Amino acid sequence: MRRKFQDEPSQPLESREPKAAIPPPPTMHHSNSKRLTPLHGHYLPQLCRPILWYLLIAFLLLTFLHYKQARTSISRTAICLVGGARRFELTGPTILEHVLNVLPEADLFVHSNLDENTFKLALLRSAPRVTEMRIRRPVRFRETEGHMRLLSAGSSPNGIQGLLQYFDLVEGCLNMIAAYETQGNFTYDWILRTRVDGYWTGPLDIKAFKTDSYVVPEGSRYGGLNDRLGIGNRSISAVALSRLSLLPNLALAGFSDLNSESAFHAQLKVFNIPAEELRFPFCILSDRQYKYPPSGDIAPVASIASPGPLSGAKCRPCVPHCKGECIEKLGPEKWLGWTEWRNGSLELCDGSQPWQEGWEEFFDKVADKVTADMRHKVKEMTTEVCWQDMKGLKKNAGRWNGPDPIEICNLGSTSQ
Ligand SMILES: *[C@@H]1O[C@H](CO)[C@@H](O)[C@H](O)[C@H]1NC(C)=O
Ligand SMILES: *[C@@H]1O[C@H](CO)[C@@H](O)[C@H](O)[C@H]1NC(C)=O
Ligand SMILES: *[C@@H]1O[C@H](CO)[C@@H](O)[C@H](O)[C@H]1NC(C)=O
């Protein structure tokens, strides 16, 4: 969308040919004529010149205004960043570089639960545009019989409660956006939803904004659709992000035993929204342990050093345990958490243990310098610095819907 405008100014400047009106300078006959020249030969052009300048400036101004208006009316984008900040010192700098700075005019909406890692969100102080921060105290949802029938606790770390919490974070972001739109009497053209725990290794491709489908990452489908990133126009996104309020529709349509991915798939299906899968250069940095080797519904855990794109697979910093032919032998085409492995794009960790000893050094080697520096900065962050940054973020944010920065920083310092 944005690209169109970069080639846009369709009336070329030359077409006005302002210079054509200026006659060639008269030839000088001898040195005495020097002082007189302005009064003689240049008399007419000198009168014309200011007028031409005015015309040129007016033209440029109009072009600029037209460009600006077209740009804002067609490509207003909201970014939803949801989830816990558990490893945000590692993922945050990559989200800044590869997502937020790629769309510097997009409005950022953040929805996260308050915990001892929330202070890490202070990194967003340097985001180009923070529209609203919502940091809520954890709530517990009542799990109804309807939920039990419809959803399956299966592989979700916190069962059905975990699913409901996640759905609510996502939908809450849509509600923030809608409230902001109502207040400003406008609507966004696009909503991009992504996760706080996404570790990006390359820039978000603007081509992923498609007018005729909802775009999600390829792979990690678990019997449905990858729900770790989504891009779509305003009306499609309204459906895709209404993860909690549309559950009754899924039950009515006869679905049951859904995990997060299959519920997401069902949701788009019920509303006849075509999904399109593209590969994206990010993975979900996770502390969870998974049996090794991956198979069936046991998730593969990729090394962040994999060439990728990992398209939202789970990952962690590890010296790869298995790659190339080794992966082929594991029969990746049968994994529910299938992710593209051919051409060496995937390198696996043994995810059955905690992050390996010395992961920090490995991380610093793999990550770019800014990200590695940030890891050190957050590790050594004092409550004072946290407080400064968090206050800065609060000041930058259009709306702040969360506890006082002091509380957030104190909560962080007691855990370290
Ligand atoms: C909102 O915008 C619409 C169309 O752009 C306009 O007709 C309407 O008067 C506006 N409402 C307010 C309250 O500004
Ligand atoms: C969004 O995309 C869908 C599917 O292409 C289309 O039907 C709908 O009109 C679009 N909505 C807007 C607001 O552009
Ligand atoms: C593997 O690489 C080749 C050559 O670059 C490319 O044509 C092919 O699409 C790649 N396959 C996959 C699955 O990425």
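The values are calculated or read from the model by the stated rules, or taken from the named source; none is laboratory data. For clarity, every value in this text was computed on a predicted model and none was experimentally measured. Note that we place each Cβ from the backbone using ideal geometry, even for glycine, and neighbour counts take in every protein chain shown.
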Q | Any helices (runs of 4 or more DSSP H) falling wholly within segment 348-404 and containing at least 2 residues that are closer than 30 Å to Gly308 by Cβ | A | 359-366, 369-379
Q) Is it fair to say Gly230 is touching a helix residue (DSSP H, G or I) at 6+ places or on another chain (Cβ under 6 Å), buried (at least 23 other Cβ atoms within 10 Å of the Cβ) and in contact (Cβ under 8 Å) with a residue 12 or more places away in the chain? A) yes
**Q.** Qualifying residues in segment 240-249 (those that are part of a helix (DSSP H, G or I) and within 21 Å of the chain's Cα centre (by Cα)) - the one nearest to ligand 2 (Cβ to nearest atom)
**A.** Ala240
Q: Exactly one condition in (1) of a type outside the set (Lys, Arg); (2) touching a Gly at 6+ places or on another chain (Cβ under 7 Å); (3) surrounded by 23 or more Cβ atoms within 10 Å (Cβ to Cβ) is not met by Gly92; state its number.
A: (2)
Q: Could you look through segment 104-163, keep only residues that are in a helix (DSSP H, G or I) and among the β-branched types (Val, Ile, Thr), and pick out the one that is surrounded by the most Cβ atoms within 10 Å (Cβ to Cβ)?
A: Thr118
Q. Would you pick out the residues in segment 310-367 that are over 28 Å from the mean Cα position of the chain (by Cα) and within 19 Å of Gln289 (Cβ to Cβ)?
A. His321, Cys322, Leu330, Asp350, Ser352, Gln353, Gln356, Glu357, Gly358
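For segment 250-262, state whether one or more residues are within 16 Å of ligand 2 (Cβ to nearest atom), modelled with pLDDT of 95 or more and over 21 Å from Trp341 (Cα atoms). Step through it out loud before you land on a result.
Initially, segment 250-262 is screened for residues within 16 Å of ligand 2 (Cβ to nearest atom), giving none.
Within segment 250-262 (the criterion being within 16 Å of ligand 2 (Cβ to nearest atom), modelled with pLDDT of 95 or more and over 21 Å from Trp341 (Cα atoms)), the answer is no, since none of the residues qualifies.
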**Q.** Sole exception among (1) loosely packed, with under 15 Cβ neighbours inside 10 Å; (2) away from ligand 3 (no atom under 16 Å from the Cβ); (3) closer than 24 Å to Leu100 by Cβ for Gly202, by number
**A.** (2)
**Q.** Failed item in (1) within 21 Å of Val99 (Cα to Cα); (2) outside any helix (DSSP H, G or I), with Glu171 passing the rest
**A.** (2)
Q: Hand me the list of strands (runs of 3 or more DSSP E) wholly inside segment 281-346 holding 3 or more residues that are within 16 Å of ligand 3 (Cβ to nearest atom), crowded, with 18+ Cβ neighbours inside 10 Å and not hydrophobic (A, V, I, L, M, F, W, C).
A: none
Q: List the strands (runs of 3 or more DSSP E) that sit entirely inside segment 190-239 and contain at least 1 residues that are farther than 24 Å from Leu90 by Cα.
A: 190-195, 214-217, 230-233
Q: Could you please find all residues in segment 210-225 being more than 16 Å from ligand 2 (Cβ to nearest atom) and either under 16 Å from Cys80 (Cβ atoms) or among the hydrophobic types (A, V, I, L, M, F, W, C) (or both)?
A: Pro217, Leu225
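Out of the residues in segment 395-416 that are under 12 Å from Arg125 (Cβ atoms) and out of contact with any helix residue (DSSP H, G or I) (no Cβ under 6 Å at 6 or more places or on another chain), which is surrounded by the fewest Cβ atoms within 10 Å (Cβ to Cβ)?
Residues of segment 395-416 that are under 12 Å from Arg125 (Cβ atoms), as a first pass: 395-397, 405.
After this cut, where a residue has to be out of contact with any helix residue (DSSP H, G or I) (no Cβ under 6 Å at 6 or more places or on another chain) as well, the list is 395-397.
On the way: Lys395: 11, Asn396: 17, Ala397: 22.
For segment 395-416, the residue satisfying everything is Lys395.
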